[in-house]
1. Once phi is turned into θ = phi - 60°, what whole-Hz ³J(HN,Hα) does the Karplus curve with 6.51, -1.76 and 1.60 give for every residue of segment 165-180, x standing for Gly and Pro?
2. Only helical DSSP H runs with n ≥ 4 go in: add -39500 (n - 2.57) per run for the chain, normalise by residue count and round the 222 nm mean residue ellipticity to 500 deg cm²/dmol.
3. For the ranges 92-102, 9-19, what's the packing order if you count other beta-carbon atoms within 10 Å of each residue, average per peptide, and put the highest first?
4. Quick check: from the Cα gyration tensor, does the chain come out rounded (a/c under 1.5), prolate or oblate?
5. Tell me the GluC sites (Glu not before Pro) within segment 18-88 that lie in a loop according to DSSP and have at most 15 other beta-carbon atoms within 10 Å.
6. Estimate the FRET efficiency between residue 51 and residue 231 by the formula 1/(1 + (r/R0)^6), using the beta-carbon distance for r and 45 Å for R0, to the nearest 0.05.
7. Indicate the gyration tensor shape class of segment 1-105 (rounded, prolate or oblate), computed on the Cα atoms with a ≥ b ≥ c the square roots of the eigenvalues: a/c under 1.5 is rounded; otherwise a/b larger than b/c is prolate and the rest oblate.
8. Restrict the search to segment 1-70; then list the trypsin sites (Lys or Arg not before Pro) that DSSP places in a loop and that have at most 12 other Cβ atoms within 10 Å of their Cβ.
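Values quoted throughout were computed directly from the atomic coordinates according to the rules given, and no laboratory measurement underlies them. From a predicted model like this one, the values you see are computed outputs, not experimental measurements. Note that each Cβ is placed from the backbone with ideal geometry, even for glycine, and that neighbours are counted across all protein chains shown.
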Amino acid sequence: MKLDALVLGAHPDDAEISFGGTMLRWVDAGLRVGVLDLTRGEMGTRGTVEERDAETRAATQLLGLAWRGNAELPDGRVEPSLPAREQIARTIRELRPDVLVAHHPTDLHPDHCAAGHLARQAWYLSGLARLAQQDGGPEAFRPGILLHFLGHIPADPTFVVDISEVFERKMDVIRCYAKQLEPSGPDDRGQHFLFGADILARAETKARFFGERIGVRHGEALVHDGPFPLDGTLARLFPRG
Ligand SMILES: [Zn+2]
């Protein structure tokens, strides 16, 4: 198994909501894209774990992913612990993606922050030969690029991907998580905690905001920590047009 890109989300639906448009573009371009969910979302207010699993399978199919896995970390209690980061480092070595994409370490949900930190730590550890030998798994491999997608808290993006052409398909992928979108009872007004809008409206607001930054209708923002290497990888992942 060799992926072009691995996307790491804390909960099933995080990768779709913040990065689904770019994943669709990549799959359309023939790249092999995988998603690693860190938890099964068992602390979610809406729907059961079994329903979330079924929704995740439907979204995976619609995205055309080459691989999807779950780290089975505890929802609501994700931490950048030694076992967790070594487990994710092993998954990275197994899948050998050229680019790793994960939450930005600054977010409201502690699981999202932890996922961002975990990704950074596992990304580094995956390239250590001695650790790979100790682990007994695949040999060391570190993705050339680590990118972060943005959650509720904005940051100035390093670049924005134009997802205008695939935006409606991205919305269809998010709609696979129907239980997350519908009210769980009479007191549930369809609005998520803290925010005055549902998931679809928030995803559209973010896409319009970041699209505006580059003069297109819909965009997805990415942050790269530090200077970006001009080695041809960027052109391969994000060709013009
Ligand atoms: Zn989440």
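1. Residue by residue, segment 165-180 yields 5, 10, 4, 5, 5, 4, 4, 5, 5, 5, 5, 4, 8, 4, 5, 6 Hz.
2. Working: 9 runs with 100 residues, N = 241.
Per the formula, -12500 deg cm²/dmol.
3. Details: 92-102: 23.0, 9-19: 27.1.
Most protected by this proxy first, the peptides run 9-19, 92-102.
4. On the way: a/c = 1.66, a/b = 1.20, b/c = 1.38.
It comes out oblate by the Cα gyration axes.
5. Those that pass, being in a loop and sparsely packed, are 42, 72.
6. Working: r = 43 Å, r/R0 = 0.96.
My answer for the efficiency is 0.55.
7. Values: a/c = 1.88, a/b = 1.15, b/c = 1.63.
Verdict is oblate for segment 1-105.
8. Numbers: sites: 2, 25, 32, 40, 46, 52, 57, 68; in loops: 2, 32, 40, 46.
Here the trypsin sites (Lys or Arg not before Pro) that fit, given the DSSP loop and packing criteria, are 2.
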